[in-house]
Structure formats: structure tokens, C-alpha cells
1. Please enumerate the residues belonging to the range 317-355 that are of a type in the set (D, E, K, R) and closer than 18 Å to His203 by Cα.
2. Being aliphatic (A, V, I, L, M) and open to solvent by 60 Å² or more (accessible area, probe 1.4 Å): is that true of Ile123 here?
3. Are there any pairs with C-beta distances below 6 angstrom linking a residue in the range 320-335 that is more than 10 Å from Ile277 (Cα to Cα) to a residue that is open to solvent by less than 20 Å² (accessible area, probe 1.4 Å) and of a type in the set (Lys, Arg), with the two at least 6 apart or on different chains, and if so which?
4. Gly134: at pLDDT 95 or above and in a loop (DSSP other than H, G, I, E, B), yes or no?
5. For the range 345-361, check the following and say yes or no: at least one residue is among the hydrophobic types (A, V, I, L, M, F, W, C), open to solvent by 70 Å² or more (accessible area, probe 1.4 Å) and within 30 Å of Arg278 (Cβ to Cβ).
6. So, in the range 21-74, how many residues would count as being modelled with pLDDT of 95 or more, over 20 Å from Ala136 (Cβ atoms) and not in a loop (DSSP other than H, G, I, E, B)?
7. Run Glu372 past the list (1) more than 17 Å from Gln224 (Cα to Cα); (2) over 19 Å from the mean Cα position of the chain (by Cα) and report the number of the one that doesn't hold.
8. So, in the range 362-382, exactly how many residues are more than 24 Å from Lys5 (Cβ to Cβ) and open to solvent by 20 Å² or more (accessible area, probe 1.4 Å)?
Amino acid sequence: MQHSKVIIVGGGLAGLYAASKLEELNIPYLLLEAQSHLGGRIKAATAAPKPNGSSSHDLGPTWIFPHQSKMQALAKGLQVNLFEQYAIGDVLFQAPNSVQPKQIAGAGDMQLFRVEAGMYQLIDKLYSQLVNAGAAHKIKRSHWVNKIEKDHIKNLWQLTVSEFGQGQRDNTISDTSEHISFSAEHLLLALPPRIIQRDFAVHTWGSALLEQRLRSVPTWMAAQAKFIATYPRPFWREKGLSGQAFSQVGPMVEIHDASATENSGYALFGFIGIPAIRRKGITEQQLIQACLDQLAFFYGDDAYSTQSCHIKDWSQDPFTATEHDINESAKHPEFNYNGLDHELQSLKLYLAASEFARHDPGYLEGALDAAERVIEQISNDI
């Protein structure tokens, strides 16, 4: 059995950021990530993003808001550039039965920041920092935690983990791999609440109240799907359009300029408004074609001259979405800690996904907030 002072489960932004803070504090840890790639809900349109600054497009979270100081500080510390969301030009609107879009002057003045060359740059840079610190062996990808138990006599967490070999596919939950045992005094779960409740038999080591609270919190982005089309030139800008469009028809209900930098890597992206339960009956190719047809309605036949098209349906990702998320209407996550602080402290259990944030839950800022809070707790407990 492999032992560490702290085990982090989940290699998204919160998990990697927590690992970087434990590394700075010289506190022993291991990070276990089920998939072969890091990033969690930060996902690039390219299949294998490179850490050399190559452009990518965001299939997950896209924006950083002006008040989100933690994300801005992280980008600055990692020497990742931010730029303002392109919003120069008019907005288009699609009403039911309309034969052409309505053009509205000006895209509004709400300031939003994007990460130059894609949000995945943050994941690459965080991981590179850990590698440069000699901590690569502490980050274990393709390690799916399939059982968590609490040994109350030894006051240790015990985890049963399946290690996936090469060729085993991501987004497939199975139990065909070699099992490894890990133990730790402190357990940090950087995973959505409902994933914890679904996968880790909370009732065997936690209270009914904890299980109920975990089950009740919707998973951020779980019911969403995004479409991205990349282009050799920004033809919408050439027409005096911002790339921003709204629709009451669909399949996309909201569209934006998704270019990888201010003036390169040109792209459009849209949020697909078809409910997750209905998307199950539509093939990916059918959905791509419907999205391209809609872009052509807004911007003309240039919309068909794509370099690439990408769809990410988060509702079909078993490491993100649960049946609860798919079958209910979307709402903003907020975890209720009332009555749980003593239990979490006595278990030496720390919850650090975006949904657990005290500030900005459901945003990347919230992921950093949750991670910082639990690292402070761990450092005080050790």
C-alpha cells in the first residue's frame, strides 16, 4: 500500500492548484486523476494540447471576469497573457420564423477576459511548474479511484485505485485494470459534489446530512454542450459584426467570437440550447451540421468554410455529469456547509471543486477559492 500525508483526487484546476500549494509548503502529497489528461472541465478543442504555447480553443470555461482577482493573479504568476473578449461590431438576433437575422447596433460594453491561446495554457503551465520542481511522480494520471474507505482505528483514508494502461479510453468507466491501494491521513476531493456522492459510497464513512448535501448540488457545466468552428479568416468582423448572436430557434442559443488570440486563431463558438436528455437522440454529425447551418443563417456561406469543427457535450462525460444533472434544469451550484464543518474536520476530509467555493462557486475563480481554503486548513491541521 502506497502512503502519503495528503491524497488529492482530481486533476482539474482546483486539484493541480492545490498540488502546487502543497509543493510550496513541502507537504507530501499524491494527486490521482482518472483520465489520461489533466484539466477536468478545462478542455481544449485540440485532442492533445502541447505545452509550447500552441493555440487551442476552449470547450469548457472561457471567460475571466474583471472582479476575479485570483484567476488574474494566477495567469500573471504563470506568465500567461489575457486579452479582452472581441466585441467590436453589431449583434445578430434570430427570432422564430425569421428569414434573416435582426441586426442590433453594438455588442455591449461588458468586459470579459480570455486566456491567450486557450484556457488550457493554465493547466499546462501549472503542470510544468510541478515537473520543474521534481514533482512529476506525484501526479498520477490514468488512476481511477473506485473505492474510498475510512479506517477509523488508524484514522487513515484507504483508496482502491484502478491504473489504466495505454490504449484504454478516456470517458469510459470500467473495472478491468490492476488494482492499487493508497492511504493518506488527509483526503482532498477536487471533484464535483454529485460525482463524490455517486462514486464513493459516502454513506459508509460520512453522515446522511453530508451525503444529502453532496447530492443536492448541481454540477457546474454538466448539462451544457459547446460547439466551436475555426476559420482561416474572421469574415464576421469584415462585415462589421462582433460574432455575438442570440437565437430563439437554435440549436445554439448564444454565439461569440472564440478566436484564440486577439487577432489570430479565428473561431466562433456557441452554447447549444437543446436539453441534454434530447441531445442523446442526435448524432454528433447531425448536430455539427445544424450548427453550421445556423452560422450560415447569421453570417452567410463563409460559415461553411471551416478549418475544423468541435463539439463537447459535457452531459455525456461520466467524469463530469450524473443522471441528476442530465434530468433536471440547470441552476447555479452552491454548497451548504452549515452543520458539516465539525464532521469534515474530524474526518480530515477537504472539498475543493468549484462548487464548494465560498466565493464565486461555479466559476474557475471558485475553484481557486476552494483550493486555497482547504490548503490553509490542511497546513493548520498538520
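1. Kept after step one, since they are of a type in the set (D, E, K, R), are these residues of the range 317-355: 317, 323, 325, 328, 331, 334, 341, 343, 348, 355.
If the condition is that a residue be of a type in the set (D, E, K, R) and closer than 18 Å to His203 by Cα, then Asp341, Glu343, Lys348 are the ones that fit.
2. Values: aliphatic (A, V, I, L, M): yes; open to solvent by 60 Å² or more (accessible area, probe 1.4 Å): no.
Considered against the rule, which asks whether it is aliphatic (A, V, I, L, M) and open to solvent by 60 Å² or more (accessible area, probe 1.4 Å), Ile123 comes out as no.
3. Note: pairs meeting the criteria are Thr322/Arg194; His324/Arg194.
4. Numbers: at pLDDT 95 or above: yes; in a loop (DSSP other than H, G, I, E, B): yes.
Considered against the rule, which asks whether it is at pLDDT 95 or above and in a loop (DSSP other than H, G, I, E, B), Gly134 comes out as yes.
5. Let us first name the residues in the range 345-361 that are among the hydrophobic types (A, V, I, L, M, F, W, C), namely 347, 349, 351-353, 356-357.
Filter once more, keeping what is open to solvent by 70 Å² or more (accessible area, probe 1.4 Å): none.
Looking through the range 345-361, none of the residues is among the hydrophobic types (A, V, I, L, M, F, W, C), open to solvent by 70 Å² or more (accessible area, probe 1.4 Å) and within 30 Å of Arg278 (Cβ to Cβ).
6. 8
7. Against the list (1) more than 17 Å from Gln224 (Cα to Cα); (2) over 19 Å from the mean Cα position of the chain (by Cα), Glu372 comes up short only on (2).
8. Looking only at the range 362-382, we keep the residues that are more than 24 Å from Lys5 (Cβ to Cβ), and these are 362-366.
Narrowing the set further to residues that are open to solvent by 20 Å² or more (accessible area, probe 1.4 Å) leaves 363.
Of the residues in the range 362-382, 1 are more than 24 Å from Lys5 (Cβ to Cβ) and open to solvent by 20 Å² or more (accessible area, probe 1.4 Å).
The values are calculated or read from the model by the stated rules, or taken from the named source; none is laboratory data. This structure is a prediction, so every number in the text was calculated from the model and none was measured. Don't worry about glycine lacking a Cβ; one is built from the backbone with ideal geometry, like all the others, and counts go over all protein chains shown. Quick note on the areas: whole protein, heavy atoms, side chains included, nothing else; ligands and nucleic acids left out. Shrake-Rupley method; radii C 1.70, N 1.55, O 1.52, S 1.80 Å.
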